[in-house]
Amino acid sequence: MHIIKITDRFFTNYRNLVREKMIPYQYKVLNDEIAVNIERERNDNSIPNEKSHCLENFRIAAGLKKGEHYGWQFQDSDVYKWLEAVAYSLMEKPDDNLKALADSVVDLIAQAQEDDGYISTYFQLKCPERKFKDLVWSHELYCAGHFMEAAVAYYEATGSDKVLDVARKNADCICRYFGTGKGQTRGIDGHEEIEIGLMRLYHLTGDKNYLQAAAYFLEERGQNPDIFIEQSAAEHGGKSDLSGILSLPKTYFQIHKPVIEQDTAEGHAVRMMYLATAMEDVALTAGNKKLYEACKKIWRNVVDRRMYITGGVGSTVIGESFTFDYDLPNDTMYCETCASVALVFFARNMLLNEAHGEYADVMERALYNTVLDGMALDGRHFFYVNPLEVTPEASAKDPGKSHVKPMRPEWLGCACCPPNLARLLASLDRYAFHEKDGVVFADLFMSARAELSGLTVEEETEYPWQGSVTFKLTSASSCGAQDGCGEYVFAVRIPGWTAYTAGNGDDAVKITLNGKPLEVGSETDGKAAVLKDGYLYLKGPFEGDLLKLDFAMPVIKMAANPAVRADNGKIAVMRGPVVYALESIDNGAGLNRLFLRDDTAFTWQYKADLLNGVGVIKGKGYRIPDNAGAAGPEQPAEDSQAPLYAPYSPDAEANAQCVELTWIPYFAWANRGVNEMSVWIRQK
């Protein structure tokens, strides 16, 4: 039996927000019940922003209403991700009214589905003759994958045979159509996701057709880098009417080489992370070592060279893509919320395959920073792009920064991120612990009660604001040494960020067992402790034993690799897993004029009355006056500005004004009106 109940104050607030605010709000938007300002995520008039129309598209496809399809070809997936979020919310807290609403959506999806299992409202309503014929942009398989994920979650939450039947009918349709067999089409989707959905169905049903289909889609990708060009030409009489998307590089679709040969993160960041997530799942399930080795190479490239300090990925608005190693600009990046959500998925699957603390470290980094940054504290405003530096005037006037919003919109023309965020937060209990080879692993720190195979874990903490974490461990009374669970092993992650605190001269972590100091490699109360790959392993049996870890949490100044040009000479501030940011509402306009010196000392304080309760960092900094800078001709009294260019003078910085600076958690910025923000600050 596996039961995990989160009681954590920090994340319970967010999960309550998902259940009480986000899910109802998102349904009303998807159902066109409320008037909201839908913003285009960048200056592109082709992005639909009049309404969502998602549920109405299903009603029209089902024959319940008359009308035309409105919105993106992938818009069905917004409904599916909403349904998945509902499923996890119902697992946490049953709600008859919410279930009835979700059941009505399942009924609607079933009514819209065609007899052969096909479902995609865009193609059913706009161009039924084009089904599965424009795979480079159609997103039919992408949407199907999201529905399969939602269906599995909703079945697990409610036991709904209807939703599972619809999903299997859809999956069977796809399995019949695609493959290398006689009469099948050798095709792949332009946007990976079907592989994840098929694997979710396989894990639930055990139907090997779904595993084989997922493996096929992975193995086929990259075998023919011209697959989309050739298919489009064949379908359109030798001339493609999709020249826009086909002009994108093959790396955009991750088709430049077979997946087992790919060793860098390329192209559209969400697609890349979904691909890696599926690769890892199939590698683990099928025992495919080559696929697993490819995953590890991609992981190393992302984490070592292409990931922001916030856990964001995707360096450019062009193609919403990765670019090249160490290219991590702060004010033109993309860092899509969905990409960090997908990075969490990838990290968790890596962790399930190999118990290494680094995977949980990255999962934690993305979760506490970019993922949470994707939503406002009211649960009704959302970022598509999560920048590390914002100047509102630049966002408004620079076309190259139109995607960098200074405030979260109410909704987005491409609304993939809000429901993606909701489904992750609603399913967070699935990321707190995992089991492998007779070991229970505590991966994320949050107050919770977990009843796992042979072991009950009761965890108490005020993380991420405080570094104390206590586990009460109890082996099941029904288990004995003769059946292997009497000596059940418990493993807890020692966060990678503790290496920063150790380098700061503090004890990184103090560990006690039943009140006595526990040293790695020794025994305390008969319990042997071993440190391996970022986890502290403790051997049972347990009889209410109390394991306590106290992590030092000083404020740490972080520097980027010198190869990251955007951050040379700058530092970012972290405490525990949380990255902090400066806002001009606290520090005045012109954040670019601020800098730190080596003598900066920091203080940290929890402010319950600020931003729903956050930790705040203060420290001494310096501001270069508006009229200071290069030494130039004396300016008229009425002109307070320095000349645009003049010979360099060190006087400006030497005589800079000493000021007290205030940092708030990065995830909480843009909740107090339009203002500047910066994660990185110059260090002198």
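The values are calculated or read from the model by the stated rules, or taken from the named source; none is laboratory data. Note that this is a predicted model, so its numbers are computed, not measured. Using ideal geometry, Cβ is built from the backbone for each residue, glycine included, and neighbour counts are taken over all protein chains shown. Ligands, DNA and RNA are stripped out before the accessible areas are found, and what is left, the full protein with its side chains, is counted by its heavy atoms. Shrake-Rupley method; radii C 1.70, N 1.55, O 1.52, S 1.80 Å.
When you go through (1) in contact (Cβ under 8 Å) with a residue 24 or more places away in the chain; (2) among the hydrophobic types (A, V, I, L, M, F, W, C); (3) surrounded by fewer than 18 Cβ atoms within 10 Å (Cβ to Cβ); (4) in a loop (DSSP other than H, G, I, E, B) one by one for Leu546, which number turns out not to apply?
(4)
Within region 360-383, can you find the residues that are open to solvent by 10 Å² or more (accessible area, probe 1.4 Å) and in contact with an Asp or Glu (Cβ under 9 Å, 6 or more places away or on another chain)?
Result: Arg380, His381.
If you take the residues of region 2-44 that are within 22 Å of Thr461 (Cβ to Cβ) and outside any helix (DSSP H, G or I), which of them is most open to solvent (accessible area, probe 1.4 Å)?
The residue in question is His2.
What number of residues in region 384-394 are open to solvent by less than 10 Å² (accessible area, probe 1.4 Å) and either part of a helix (DSSP H, G or I) or among the β-branched types (Val, Ile, Thr) (or both)?
Residues in region 384-394 being open to solvent by less than 10 Å² (accessible area, probe 1.4 Å) and either part of a helix (DSSP H, G or I) or among the β-branched types (Val, Ile, Thr) (or both): 2 in total.
Looking only at strands (runs of 3 or more DSSP E) that fall completely inside region 395-465, which ones have 2 or more residues that are open to solvent by 10 Å² or more (accessible area, probe 1.4 Å) and either at pLDDT below 95 or in contact with a Leu (Cβ under 7 Å, 6 or more places away or on another chain) (or both)?
433-436, 448-452
Quick check: anything in region 583-594 in a strand (DSSP E or B), crowded, with 19+ Cβ neighbours inside 10 Å and either of a type outside the set (Lys, Arg) or at pLDDT 95 or above (or both)?
Scanning region 583-594, I find at least one residue that is in a strand (DSSP E or B), crowded, with 19+ Cβ neighbours inside 10 Å and either of a type outside the set (Lys, Arg) or at pLDDT 95 or above (or both), so the answer is yes.
To keep it simple, each residue is scored yes or no on (1) in contact with a Lys or Arg (Cβ under 8 Å, 6 or more places away or on another chain); (2) in contact (Cβ under 8 Å) with a residue 60 or more places away in the chain.
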{"residue": "Ile119", "(1), (2)": "no, no"}
{"residue": "Val136", "(1), (2)": "no, yes"}
{"residue": "His146", "(1), (2)": "yes, yes"}
{"residue": "Gly159", "(1), (2)": "no, no"}
{"residue": "Arg186", "(1), (2)": "no, no"}
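How do the helices (runs of 4 or more DSSP H) wholly within region 45-152 filter down when requiring 1 or more residues that are surrounded by fewer than 16 Cβ atoms within 10 Å (Cβ to Cβ): which remain?
Once the helices (runs of 4 or more DSSP H) in region 45-152 are filtered for at least 1 residues that are surrounded by fewer than 16 Cβ atoms within 10 Å (Cβ to Cβ), what remains is 96-112, 121-126.
Can you confirm whether region 186-198 contains a residue that is basic (Lys, Arg) and open to solvent by less than 10 Å² (accessible area, probe 1.4 Å)?
no
Taking region 549-582 as the region of interest, how many residues are more than 30 Å from Leu455 (Cβ to Cβ), in a loop (DSSP other than H, G, I, E, B) and within 28 Å of the chain's Cα centre (by Cα)?
Adding up the residues that qualify gives 9.
Please verify whether Val616 is assigned to a strand (DSSP E or B), open to solvent by less than 60 Å² (accessible area, probe 1.4 Å) and either in contact with a Phe, Trp or Tyr (Cβ under 6 Å, 6 or more places away or on another chain) or at pLDDT below 95 (or both), treating the condition exactly as stated.
It is false that Val616 is assigned to a strand (DSSP E or B), open to solvent by less than 60 Å² (accessible area, probe 1.4 Å) and either in contact with a Phe, Trp or Tyr (Cβ under 6 Å, 6 or more places away or on another chain) or at pLDDT below 95 (or both).
Just to be sure I understand the filter: pairs with C-beta atoms under 8 Å, separated by 6 or more residues or on different chains, first member in region 647-667 and under 23 Å from Ile617 (Cα atoms) and assigned to a loop (DSSP other than H, G, I, E, B), second member of a type in the set (D, E, K, R) and modelled with pLDDT of 95 or more. Which pairs pass?
Partner pairs satisfying both residue conditions: Ala656/Arg623.
In region 604-613, which residues are open to solvent by 60 Å² or more (accessible area, probe 1.4 Å) and either in contact (Cβ under 8 Å) with a residue 60 or more places away in the chain or under 26 Å from the mean Cα position of the chain (by Cα) (or both)?
Hits for region 604-613 are Tyr606, Asn612.
Within region 62-96, which residues are in contact with a His (Cβ under 8 Å, 6 or more places away or on another chain) and of a type in the set (Gly, Ala, Ser)?
Of everything in region 62-96, those that are in contact with a His (Cβ under 8 Å, 6 or more places away or on another chain) and of a type in the set (Gly, Ala, Ser) turn out to be Gly71, Ser77.
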